[in-house]
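The values are calculated or read from the model by the stated rules, or taken from the named source; none is laboratory data. This is a predicted model, so every value here is computed, not measured. Cβ atoms come from the backbone with ideal geometry, glycine included; neighbour counts cover every protein chain shown.
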Amino acid sequence: MDVIRRIGHNEIVEITTPVLITWNNGKYRLCGNFRALNNYTNADRYPIPKIPHSLNKLAKAKDITKMDCMKGFHQHEVGPVSINVLRIIFHMGIYEYTRMPFGIKNSPPHFQRMMDTIFHK
């Protein structure tokens, strides 16, 4: 599963700069600086569950299962319209995200909608 792929040199594209995020364990995560794009993005108002509501549901549960959605955002492919604005530039060339990246305004609500669909909320 490729998260990003290199694009051709001759394409005229909109690009953003990369940001390297350091985790507590010393590992790194590469993200794009999508703040400018987020300013022009209409917010997806899909509700994310409130913690007290989720805890109330857990308190009444008979069985509880723990799941780890490893690299959850990267499980969803980026659509052909969106891929054109999800490009980052490095010294090695220009790359585009093929999977939903971190740092996009609507990634969290989109991921929540996907989880609700999978688990039939």
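Here is how the numbers come out for the structure above:
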| read-out | value |
| --- | --- |
| Options PHE73, PHE34; residue that is closer than 20 Å to VAL3 by Cβ, free of Cβ contacts under 8 Å to residues at least 40 places away in the same chain and surrounded by 10 or more Cβ atoms within 10 Å (Cβ to Cβ) | PHE73 |
| Check on PRO109, farther than 15 Å from CYS31 by Cα, touching a Lys or Arg at 6+ places or on another chain (Cβ under 9 Å), at pLDDT 85 or above and not β-branched (Val, Ile, Thr) | yes |
| Selection within the range 38-55 - surrounded by 11 or more Cβ atoms within 10 Å (Cβ to Cβ) and modelled with pLDDT of 90 or more | ASN38, THR41, ASP44, TYR46 |
| Residues of the range 39-84 that turn out to be assigned to a helix (DSSP H, G or I) and among the hydrophobic types (A, V, I, L, M, F, W, C), as a count | 7 |
| Selection status of ILE83, within 23 Å of ARG113 (Cβ to Cβ), β-branched (Val, Ile, Thr) and free of Cβ contacts under 8 Å to residues at least 24 places away in the same chain | yes |
| Subset of the range 1-24 that is of a type in the set (A, V, I, L, M) and modelled with pLDDT of 70 or more - its residue that is surrounded by the fewest Cβ atoms within 10 Å (Cβ to Cβ) | LEU20 |
